Each structure stands twice: as structure tokens, then as C-alpha cells.
Amino acid sequence: MSHRKFEQPRSGSLGFLPRKRCCRSRGKVKSFPKDDASAEPHLTAFLGYKAGMTHIVRDVNKPGSKVHKKEVVEAVTILETPPMVVAGLVGYIQTPRGLRSLTTVWAGHLNEEIKRRFYKNWYRSKKKAFTKYAKKVAEDEGKSIQEELERMKKHCSIIRVIGHTQIKKVKLRQKKAHVMEIQINGGSVEDKVNYGYGLFEQTVSIDSVFSQNEMLDTIAVTKGHGFEGVVTRWGVTRLPRKTHKGLRKVACIGSWHPSRVSFTVPRAGQRGYHHRTEINKKVYRLGKAGDETSCTTETDLTKKSITPMGGFPHYGVIN
């Protein structure tokens, strides 16, 4: 039997199998931060749009490190985060099989941006979404909403708001808002429901959710690279130069028996457009709309905003 001369760790992680294209083009929060009842009610997530990247120079204060008291250059990502609008509230019950939604309460008035999300073709539709619901809420003066809120306070253990982005404030071609549930942490269930109901039809800014120098996780879908070979996709070593029929290959894809290819063997296929969560990202700065000095530091001689000359490539100007 053949055997390898030297041992080495395998190339590429098996923790991310199957490496196939994500079915949704937007990140999804799989688990929210742990709830702390002693804190005030607050939101735990926010939606933003990636404009581009740049770099910063900073001093490192890390005793024991080789770069202690030295300057390092770090890559940073710039996100555009127009204020989100709260459109509803969802209450969940804990069951032996996980969470189950008990009831959903919507605001009496919904923007056109979120209504577009409920239609495949807004232009050809009759645009009747939520007209009956709004009429019912107006006729009973919100009594039906209060009944559902009382049910939430009585039975639910987890409360989440339904928020949507104001996509018209981002200069993209799209007019359909992105919608997500954001968990409310802190306080009792009654406090959570009252806090969420108080946000109905209100805008929530990024600085009310996150603060400067806070560490947070980012969730998104990575850039797609299409069909790639094993050397790029799995990082395996190239074969010697004189190899027959190419060298960017895996030489042996398994033994004769079992007579099938194992899932642990690197193969060519899709790379990128995967759903990924990156942890411990630091917020270096929270800018404001219309601030001409949003990118200026104490050492800068010129005033400059975050948008580079000519705008971000493939994105444009940040508002």
C-alpha cells in the first residue's frame, strides 16, 4: 500500500460543507445575543449596505506583541446604514422543538417600501396589501392591536420587532425594502412589548443600537467566484511540473475500496457566494449624514468626507 512520507494537516475546512451557492442573497441572523433582564430594553441588530473598503493607520497597545507601541495598517469596511423603520412586532413561545411564533402585530400604516416586499410585481399589482388591516385598526381604534399585545405579555418569552430599511435613501436601483426581525433584549417581557410598540412607525438610527469602539459580528453573503479548481478552492499543493494531464489536481482521490469518493476529498466546484458570519469587528467610527468632516482625524490637514473622489467603485456616493 502507498503511504505518505510526511504528515500534514488537511487542506481546507470541512466545517463549511456543502460549499454551494447561498439560496438567499442577504445575511440571516441565526442566533441573537444572550438576553440580560437587568438591562434596559434595546435592539440587538441592524441592516446596512457595504459601500466599499479603505484602510487606517493606528497605534497598537498590546504588551508582549511584536507590534506593541508601533503603527499598523488595517483594512476597514465602510457600511451605509440609513435609519430603519419599525413596522411590526412578533412574539415567540419556547417549545420542546424550539421557538414558535404566537402572534404578529403590524403598525397601522406601512410605507410603500415595505409593501413592495410583499409583491413580485409592484407595477402590475392592485397594491391592496394591508388595506383591510389598516381599515380594521382605524375602525376599532387600535383595540385589536392591544388585545394581541396583551397575549404577547402573557404567553411569550422572546419579542422581536419587524424592521425594514429605507432603501430610497441609498442610491441603489432597488425600491423594495429589506425586512428583518430584530430581537429586543433587556427588561421583562412586558417592558419589551411596550418598548417595541413605542417604536411603531418610528425610525431607528444606527447610533441608538451600536456605539463607537463596540465589538460586534457581521453577517453577509461573500463575493461569488464561480466554478474553481481544487488548488484555489481547497488550497491543496500543486503536483510536480512534469505531471501528465495537468498539475492543479488531487493526485489520488481515494483507495480502490470503499469504491466511491469520500466527501472529505477536495474536488472542484463553487467558490464564494456563501453565507458567512465574522466575529469581533470593531466599530471605529459612526458618521452622520451630510457631515463633510466624517473622515477627518486630528492629524489631517484637509477636511474630507468618507466618500472618495468619484465615489466608491460599483456603489457611488454615501449620503
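The values are calculated or read from the model by the stated rules, or taken from the named source; none is laboratory data. In this text, all values refer to a predicted model and were calculated from it rather than measured experimentally. Cβ placement follows ideal geometry from the backbone for every residue including glycine, while neighbour counts extend to all protein chains displayed. The accessibility values were calculated without ligands, DNA or RNA, using every heavy atom of the protein model including side chains. Shrake-Rupley method; radii C 1.70, N 1.55, O 1.52, S 1.80 Å.
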The answer for residue 224, listing residues at least 5 apart or on another chain whose modeled amide H is closer than 5 Å to its amide H, is 273
For residue 242, the lysines lying under 21 Å Cα to Cα, once residues fewer than eight places off in the same chain are dropped, come out as 5
Quick note, region 38-77: a/c under 1.5 would make it rounded; otherwise a/b > b/c is prolate and the rest oblate (a ≥ b ≥ c, C-alpha gyration tensor); here it is oblate
Beyond 28 Å (Cα-Cα) in this structure, taken from 154/281; 28/281; 115/169, we find 154/281
Averaged per residue, the 1.4 Å probe accessible area of the chain, protein heavy atoms only, in Å², is roughly 70 Å²
Simple spin-label estimate for residue 7/residue 247, 7 Å along Cα→Cβ, in nm, reads 2.9 nm
Row for region 165-217, column shape: gyration tensor on C-alpha, a ≥ b ≥ c, rounded if a/c < 1.5 i.e. under 1.5, prolate if a/b over b/c, else oblate; value oblate
Extension length gain for residue 141 and residue 100 (0.36 nm per residue less Cα distance), in nm, is 11.9 nm
